[in-house]
Structures are given as C-alpha cells and as structure tokens.
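Computed from the coordinates by the stated procedures, all read-outs in this text should not be read as laboratory data. It should be emphasised that the depicted structure is a prediction, and the values quoted were computed from it without experimental measurement. Note that each Cβ is placed from the backbone with ideal geometry, even for glycine, and that neighbours are counted across all protein chains shown.
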C-alpha cells in the first residue's frame, strides 16, 4: 500500500492506495472534483523529496505528499 | 581666517590661513612633503560638506577638513 | 540550527542566544532577518502549518550551501497562531565576510518564501482563512493536474 | 537614530531596545547587520576615530532615503578600542516590506563602508596602526593633490 497525504490547507483525509506510479495517482485524484484546483497548484513529494515528473515508480510502503502553495514568514 | 583641520590618521595640527579659495590651500599644502600622499587620497569638506572641485570660494570663518580613506564597521 | 516554536517567537531572547553561541567563532558579520505580523486587511493575526520533514531537508541543504562559503545559518519559525505585532520568523546568517552575509541572507529569505513547506492563514472574525493569494507554488507544482 | 558608544557595543541590549521601540510601528521586517572584530593578522583588536558632524549629515541623508520607502534605519558604532570578538557596528532597517528591507540594508552597509567618516586602526603589539590597505577613498578624494 502507498500512503497519500494532503498537507496544509487541503482538507482531505489520507488515502491508502495500491498504485505503482504517479500517473495512476493522477488519474485517481482527478476523479475528485474538490481536488482539481489543488492538483493544478500543488507540488508532489515521494518519501519527503519533491519530484518534478510523474515518471517515478512507487513501491509498497512509500509515502506521497501533496504540497499546496506556501507562504512562510 | 580659515581653519583647516586634518582628520583621522593625519598627524598634523590644525592651520589658520588667510585664503579665499581651495586652489590657494592646495598650493600651501603641497609644500609640505609629509602631506603629499594624504593630499592624493583625502576628500575635502568645507563647513562639513564634502566638495568635489577646487572652484569653491572660501570666506572668513569657514572650516576646511581633510578626510583620508575611511573604514567603518 | 532550525527551531520551531508554538506561537510567537521570543525575538530578543533568540537574537541574544544566537549572538552568544557564536561569540567566539570568529564570524565578522551576523545578519538576522526578523518577520513580524503586520496589521492589514483587518486581520487579528496569522496562523501557520508546517510540514517538518521537508522543512528540515530544505534547511539542511541550505546549511550545506552556507558551509561552502564558510558561513552558517540559524532559523526559527512559529507554529499555530501569531497575533498582530508579534514575530513568526527569524533567519540569521553568520559569516566571516560582509558581502557573503548580505548576499546569503537575501537568497535564503527569498528561497524560504518560495520553497519552505509552511502554510499561512489569516485569523479574521474567529476564522482561519488560507492565504492563497499571497502564497507561492513550489517549483514543479501541477504535475498531477489535468494540464500537468 | 544614530548612537555612538565608547568601546564595544552591548549588542543584545541594542537589538532588544530597537525591536521593542518599533514593536507597534507595524513594520513587517527588521534586519540588523552586526559587525564583529575578527581575529586575523595577529591583531588584539581595532580602534576607531569618528568625525561626528559629517557622520551625522551622512546618516540623516540615508534616513531621508529610508523614509521615502516607508522604512527607518538605526545605527550604532564604537569609538576607541574594541577587542577581538567584540562588536563595533550595528546597522538596522525596519520596513513594512521584506524586499525593501533586504535591498536597503545592503545599500546602506555598502555606502557606510565607502563614505562614513570613520577611521580604523589595528591594535597590535601595543600600537595603533592605521588600516590604510583596508580603507576606501571617499568619492572626490585627491582634489588637493598635485594630480588633482
């Protein structure tokens, strides 16, 4: 299972999914209308490292995080 | 009389001179060999305002200051 | 050194501690940047969420960059609510040389604004409202979207 | 606010006082630059001469520039001897906005180095040696010289 977490202001409970890559995750999340805007403006981290492409394999036990726009300070 | 002060590391006592412009001051100071290097690297202030030219009239009671290279901080 | 606080930062205490910690380290320049909550748009304060694992790796990468220049950085940030005129953020650089310190604090603070995983909310009328319009998308955002 | 001290600056006390003085002024950014005496070339410390009338008019012109941007500056500097690892200089900017503060502290500190009428001496073997090689000619220097 892969755990998917939604950080900061995204009000969505974590998911546990059987996926092997980020393209599968994109397809699943795009089915949730409330997520469409967040998908456009959020960054993605795999095991706490930001990734810049969907061509990344995901394996059992991995953690994927969605990071919406930030504003520290 | 015009008072001429030598600031910071220039070890020279103040002068009281009868001059009416900075060209006269340059001529007088260039006669002092110990001053030649300071004249090349010092800025000049008339009544505490830095000037960029010798074409400045000086009148009785004015103060002229020589400011050698600075390093605050 | 990265330290998170619940609520407002004790600014003077932090600035003093950092100064004293490095007092014998032979740094010639110490530049703290202190961020304070301004009164604007009728807010009562701000509130912050932080995702610590990525904040720590981001900070660690900057500490490595500082080290290459013979410098170090220290940072403090608030979690939760920080009210008007209280401070939520301090970033500091210590460096042997003035130019390195002046350039580093600028680059660090700007990248902090663009990349650090911290989310800001306005506190207004007893609500906590995500400050989307003042927020910045992290580089690489949008890859899961339909246009990604 | 420009204040001169005999000997080393009480840094933490100054940073605290300035922060508290402006705590209700609604500035979002406070950036102090602290300059500390480094151990190098076998010196025991530094010593400073200051010509106050021109320092004050120079500082006043910068305060006016700050005001145009909605900011203020505060500065403290030492007169006389400051030993190793003690601090001799603090310049601070307070501004509503981060970018203004980051740019202003850089410009201010650089012009301070190039223009402020302060002379630095190394303290070494009980002598006070003018630091000519690290000093900068004020703009317009040399007009009284034979090449002027």
Next on the checklist: Which condition from (1) farther than 15 Å from residue B:72 by Cβ; (2) touching a helix residue (DSSP H, G or I) at 6+ places or on another chain (Cβ under 8 Å) is the one that residue D:42 breaks?
Outcome noted: (2)
Next on the checklist: Can you tell me how many residues within the stretch A:8-19 are farther than 20 Å from residue A:69 by Cβ and surrounded by 14 or more Cβ atoms within 10 Å (Cβ to Cβ)?
Outcome noted: 3
Item to check | Where residue D:34 falls short, out of the listed (1) farther than 30 Å from residue C:39 by Cβ; (2) outside any helix (DSSP H, G or I) | outcome: (1)
Checklist entry - Name the residues in the stretch D:9-23 that are surrounded by 19 or more Cβ atoms within 10 Å (Cβ to Cβ) and more than 9 Å from every other protein chain (Cβ to nearest Cβ), would you? => result D:9, D:14, D:18
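Matching residues to (1) farther than 19 Å from residue C:53 by Cα; (2) in contact (Cβ under 8 Å) with a residue 60 or more places away in the chain:
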residue	(1), (2)
A:10	no, no
A:24	yes, no
A:29	yes, no
A:37	yes, no
A:43	no, no
A:53	yes, no
A:62	no, yes
Checklist entry - Which numbered condition trips up residue D:67, out of (1) farther than 25 Å from residue B:68 by Cα; (2) surrounded by fewer than 22 Cβ atoms within 10 Å (Cβ to Cβ); (3) touching a residue at least 60 places away in the same chain (Cβ under 8 Å)? => result (3)
Checklist entry - Can you name the condition, by its number, that residue D:117 falls short on among (1) within 20 Å of residue C:31 (Cβ to Cβ); (2) under 16 Å from the mean Cα position of the chain (by Cα)? => result (1)
Next on the checklist: Among the residues that make up the stretch C:12-22, is at least one of them more than 17 Å from the chain's Cα centre (by Cα) and in a loop (DSSP other than H, G, I, E, B)?
Outcome noted: yes
Next on the checklist: Testing residue D:28 on (1) within 23 Å of residue C:98 (Cα to Cα); (2) buried (at least 18 other Cβ atoms within 10 Å of the Cβ); (3) in contact with a helix residue (DSSP H, G or I) (Cβ under 8 Å, 6 or more places away or on another chain), one condition comes back false. Which one is that?
Outcome noted: (1)
